[in-house]
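Here the structure comes first, spelled out in structure tokens, and everything after it is commentary.
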Amino acid sequence: MPAAGSITPLVAGLWLLNVVLDTGGQLAFKAAAGDEDAGDGLARWKHMAARPWLWLGIGCYVVEFLVWIAFLSLIPLSEGVLLGSINIVAIMVAGRFLFGEQLTRLRVAGILLVTLGVAIVGAGG
């Protein structure tokens, strides 16, 4: 296992793939759950199960799980979990652009703090 703070190209690639898959999964789940034609109760679940968004989200999560295990096999857990926090930022920003979700001052401050923390960890801090 590389020393803490050692971000190799493989680690960086797995990290980026994890961010893409996690963000894609979350966005697919939101698209599946946000369908206004879905109805309520069991009918809603049947409607979601018949749409590709739910299955795309599940597929993203299955592949992400494998990527995450590979990523964690290369770096210390404490570093990996902190670097994985950038997923929150990617999901919030994507939610803003794709679903029109609000980015309040506090959310933007949170995004900046998480990004700063990830940058510090990535730099070997």
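The values are calculated or read from the model by the stated rules, or taken from the named source; none is laboratory data. Owing to the predicted nature of the structure, the values given are computational and were not obtained by experimental measurement. Cβ placement follows ideal geometry from the backbone for every residue including glycine, while neighbour counts extend to all protein chains displayed. To get the accessible areas, we keep the full protein, side chains included, count just its heavy atoms, and leave off ligands, DNA and RNA. Shrake-Rupley method; radii C 1.70, N 1.55, O 1.52, S 1.80 Å.
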Please identify the pairs in which a residue from the range 5-20 that is within 15 Å of Gly84 (Cβ to Cβ) has its Cβ atom under 8 Å from the Cβ atom of a residue that is of a type in the set (Val, Ile, Thr) and open to solvent by 40 Å² or more (accessible area, probe 1.4 Å), counting only partners at least 6 apart or on another chain.
Trp15/Ile7
Report every pair of residues separated by at least 6 positions or lying on different chains whose Cβ atoms are under 7 Å apart, first residue within the range 47-64 and acidic (Asp, Glu), second open to solvent by less than 30 Å² (accessible area, probe 1.4 Å) and in a helix (DSSP H, G or I).
Glu64/Asn18; Glu64/Leu21; Glu64/Asp22; Glu64/Gly25
Just give me the residues in the range 102-125 being open to solvent by less than 50 Å² (accessible area, probe 1.4 Å) and out of contact with any Leu (no Cβ under 7 Å at 6 or more places or on another chain), in sequence order.
Ala109, Gly110, Ile111, Val114, Gly124
Could you tell me whether Phe99 is of a type outside the set (Ser, Thr, Tyr), in contact with a helix residue (DSSP H, G or I) (Cβ under 7 Å, 6 or more places away or on another chain), in contact (Cβ under 8 Å) with a residue 24 or more places away in the chain and open to solvent by less than 30 Å² (accessible area, probe 1.4 Å)?
no
Contact list, first residue from the range 30-42 and at negative phi, second anywhere and aromatic (Phe, Trp, Tyr) and surrounded by 13 or more Cβ atoms within 10 Å (Cβ to Cβ), beta-carbon distance below 7 Å, six or more apart or interchain, is Ala31/Trp53; Ala32/Trp53
